[in-house]
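What follows is a single structure, written as structure tokens, with notes after it.
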Amino acid sequence: QLNQLISNSQTVAKYFANGSYQFMPDWYIHGGFSHDDLSYSATSRQVSNRSEDTGEICIKYLNAQKNLLGLKINLTQGSYPKRSFSNTSILDNGYSRNSYELDWVWNYSVKTRLDGNIGYTHQDYDHLSIRNFDSLTAHGNIFWEATGKTSFLFSAWRDIVQAETLTSSFMLRQGLRLTPSWSATPKVQLSMPVSYEQQDYLGESGLVVTGATVRQDEVALVGLNVGYKPMQNTEISVFTQYEDRSSNNPFRSYEDISVGMNLQVNF
């Protein structure tokens, strides 16, 4: 995102607590709180260090067939601890974000499941109201177990996220993903996600020349994941992926290949 050859590691710390209470058969109320800190190592990027506190409350219906319908509200208060605000500032130092979602899970059959959510999100900055944003959001998944060893997951989304740029306040992300998976053995699983996403940088900050072209990126990704479970509570996964971003700003286009490994142990 920087187009600069600088060392800039990102550190994320998250603290959270949540719980659910069944107040009637098939009916639950859920609540939670989380605190997130995001920080950058590069001095030039520490102006974007961010801290967020989020409260969540949800009421949901969950029956014996594991079908779910829920209404969720998230309230977030955020700040940029390395920023100070004055009459000449072009970046704000605080904001509040509220989101409202309707969630669902429908187990259509033993082999087919549909889940997702639809909602509305709006964010208001403490001082620069021109950077405020709001939009409808939606996520959907269709899971199909074709055979005992083969499955397919189709996903689609429309989401908004903050954009840490001078000319935009948020990014509208719309995309599709298909993930075929194959269980080679009870302990080894392979999957190959293929996705396409369109990213629109919106929310004029007041610095954009009227009539200027809005930045738009298209991101295509192909990956290969291998998971291995040596024990029931332990999973090791290795992944590699190829990513291509094509932008109407040629300086923002790139290609990359990445590899990684994850280890997860459940207690």
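The values are calculated or read from the model by the stated rules, or taken from the named source; none is laboratory data. None of the values given here were measured: they were computed from a predicted structure. All Cβ positions, glycine included, derive from the backbone under ideal geometry; neighbour counts span all protein chains shown. Please note that ligands, DNA and RNA were not included when accessible areas were found on the heavy atoms of the full protein model with its side chains. Shrake-Rupley method; radii C 1.70, N 1.55, O 1.52, S 1.80 Å.
Could you tell me which numbered condition residue 225 fails, if it satisfies all but one of (1) open to solvent by less than 60 Å² (accessible area, probe 1.4 Å); (2) farther than 30 Å from residue 198 by Cα?
(2)
Pick from 51, 39, 7, 44: which is under 30 Å from residue 244 (Cα atoms), in contact (Cβ under 8 Å) with a residue 12 or more places away in the chain and in a strand (DSSP E or B)?
The conditions single out 39.
Residues to consider are 174, 162; find the one that is within 16 Å of the chain's Cα centre (by Cα), without any contact (Cβ under 8 Å) to a residue 60 or more places away in the chain, within 22 Å of residue 3 (Cα to Cα) and surrounded by 14 or more Cβ atoms within 10 Å (Cβ to Cβ).
Checking each option against the conditions leaves just 162.
Test residue 28 against the stated conditions and say whether it is surrounded by 15 or more Cβ atoms within 10 Å (Cβ to Cβ), hydroxyl-bearing (Ser, Thr, Tyr), without any contact (Cβ under 8 Å) to a residue 60 or more places away in the chain and farther than 22 Å from residue 96 by Cα.
Yes.
Collect the residues in segment 209-261 that are among the aliphatic types (A, V, I, L, M) and more than 26 Å from residue 4 (Cα to Cα), keeping them in residue-number order.
Passing the criteria: 224, 226, 231, 236, 238, 261.
What are the residues in segment 119-159 that are under 25 Å from residue 106 (Cα atoms) and either assigned to a loop (DSSP other than H, G, I, E, B) or open to solvent by less than 30 Å² (accessible area, probe 1.4 Å) (or both), if any?
119, 121, 137, 140, 146, 147, 148, 149, 151, 155
Look through segment 177-214, keep the residues that are modelled with pLDDT of 95 or more and outside any strand (DSSP E or B), and return whichever of them is least open to solvent (accessible area, probe 1.4 Å).
The extreme case among them is 193.
Inspect segment 111-125 for any residue being modelled with pLDDT under 95 and among the hydrophobic types (A, V, I, L, M, F, W, C) and give the result as yes or no.
So far as segment 111-125 goes, no, none of its residues is modelled with pLDDT under 95 and among the hydrophobic types (A, V, I, L, M, F, W, C).
For residue 20, only one of the following conditions fails: (1) in contact (Cβ under 8 Å) with a residue 24 or more places away in the chain; (2) open to solvent by 60 Å² or more (accessible area, probe 1.4 Å); (3) farther than 30 Å from residue 146 by Cβ; (4) out of contact with any helix residue (DSSP H, G or I) (no Cβ under 7 Å at 6 or more places or on another chain). What is its number?
(1)
For the subset of segment 75-114 comprising residues that are farther than 30 Å from residue 146 by Cα, β-branched (Val, Ile, Thr) and not in a strand (DSSP E or B), which member is most open to solvent (accessible area, probe 1.4 Å)?
88
What number of residues in segment 31-57 are open to solvent by 40 Å² or more (accessible area, probe 1.4 Å), in contact with a Gly (Cβ under 9 Å, 6 or more places away or on another chain) and within 16 Å of residue 96 (Cα to Cα)?
4
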